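First the structure, in the form of structure tokens, and then the observations on it.
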Amino acid sequence: MDDLYQEIIMEHNRNPKNFGTINNPDVFNEAFNPLCGDSITVYFIFEDNKIKDLKFESQGCAISKASASLMTELLLNLDTDSATKTIQEFHKMITQNEENDYDEDLLGDSVALSNLSKYPNRIKCATMCWHAAKESIIDLNT
């Protein structure tokens, strides 16, 4: 299973989904990890309270790029409440994995990152795009 998860991470790093920018996004947010220098910008277009388009640009490690790619696949076409729930579930998985108390069906292939909870210095790499997405949803509603 670890080999499968490793392959998912490497594939999303080599061929990230939804990589790029959106001209005139409804909302965008940036995140930066000062510990390793990773940076990301997420761009959103919403329609009828759903994520109609979602893209990201990043510079950094395989974990940060793969996490962003997996995130965009999960959140695209979700309404903001469902997207927020998915973001919370991912955060729970990454920070409380020993309990294995997260919804694997909801998180899909992003469970490939679940073992990162054992490596605290890599958690920020995986979560910074999710934090930027959460801030974007909050910004939309303010």
Exercise for the section: Search region 73-96 for residues being in a helix (DSSP H, G or I) and polar (S, T, N, Q), and hand back the single one that is modelled with the lowest pLDDT. Expected result: T95
Exercise for the section: Can you tell me which residue among E30, E57, E135 is part of a helix (DSSP H, G or I) and farther than 23 Å from Q6 by Cβ? Expected result: E135
Practice task
Could you grab me the full set of residues in region 57-86 that are surrounded by fewer than 21 Cβ atoms within 10 Å (Cβ to Cβ) and free of Cβ contacts under 8 Å to residues at least 60 places away in the same chain?
Solution key: E57, Q59, A62, E73, L76, N77, L78, D79, D81, S82, T84, K85
Exercise for the section: For residues that are surrounded by 16 or more Cβ atoms within 10 Å (Cβ to Cβ) and basic (K, R), scanning just region 104-125, find the one that is nearest to F44 (Cα to Cα). Expected result: K124
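Yes or no, residue by residue, for (1) within 21 Å of L116 (Cβ to Cβ); (2) among the small types (G, A, S); (3) under 13 Å from the mean Cα position of the chain (by Cα):
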{"site": "I22", "(1), (2), (3)": "no, no, no"}
{"site": "A31", "(1), (2), (3)": "yes, yes, yes"}
{"site": "Y43", "(1), (2), (3)": "no, no, yes"}
{"site": "F46", "(1), (2), (3)": "no, no, no"}
{"site": "D53", "(1), (2), (3)": "no, no, no"}
{"site": "K65", "(1), (2), (3)": "yes, no, yes"}
{"site": "D79", "(1), (2), (3)": "no, no, no"}
{"site": "Q88", "(1), (2), (3)": "yes, no, yes"}
Handout entry: Lone qualifier among E7, E57 - being of a type in the set (D, E) and at pLDDT below 95
Key = E7
Problem - Among the candidates N18, N49, N100, residue that is of a type in the set (S, T, N, Q), on the phi > 0 side of the Ramachandran plot, modelled with pLDDT under 95 and in contact with a Ser or Thr (Cβ under 7 Å, 6 or more places away or on another chain) - result: N49
Practice task
Find all pairs meeting these conditions: Cβ atoms under 7 angstrom apart; at least six residues apart or on different chains; first residue within region 97-118 and over 19 Å from M10 (Cα atoms) and part of a helix (DSSP H, G or I); second residue at pLDDT 90 or above and of a type in the set (A, V, I, L, M).
Solution key: E104/V111
Exercise for the section: Within region 60-71, track down each residue that is farther than 11 Å from W130 by Cβ and part of a helix (DSSP H, G or I). Expected result: A62, I63, K65, A66, S69
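Here's the yes/no breakdown for (1) β-branched (V, I, T); (2) exposed (fewer than 14 other Cβ atoms within 10 Å of the Cβ); (3) farther than 21 Å from D79 by Cβ:
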| site | (1), (2), (3) |
| --- | --- |
| I94 | yes, no, yes |
| Y102 | no, no, no |
| T127 | yes, no, yes |
| I137 | yes, no, no |
Practice task
Could you tell me whether any residue of region 33-54 is part of a helix (DSSP H, G or I), under 21 Å from L106 (Cβ atoms) and not small (G, A, S)?
Solution key: no
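The values are calculated or read from the model by the stated rules, or taken from the named source; none is laboratory data. Note that the structure is a prediction, hence the values are computed from the model and not measured. Don't worry about glycine lacking a Cβ; one is built from the backbone with ideal geometry, like all the others, and counts go over all protein chains shown.
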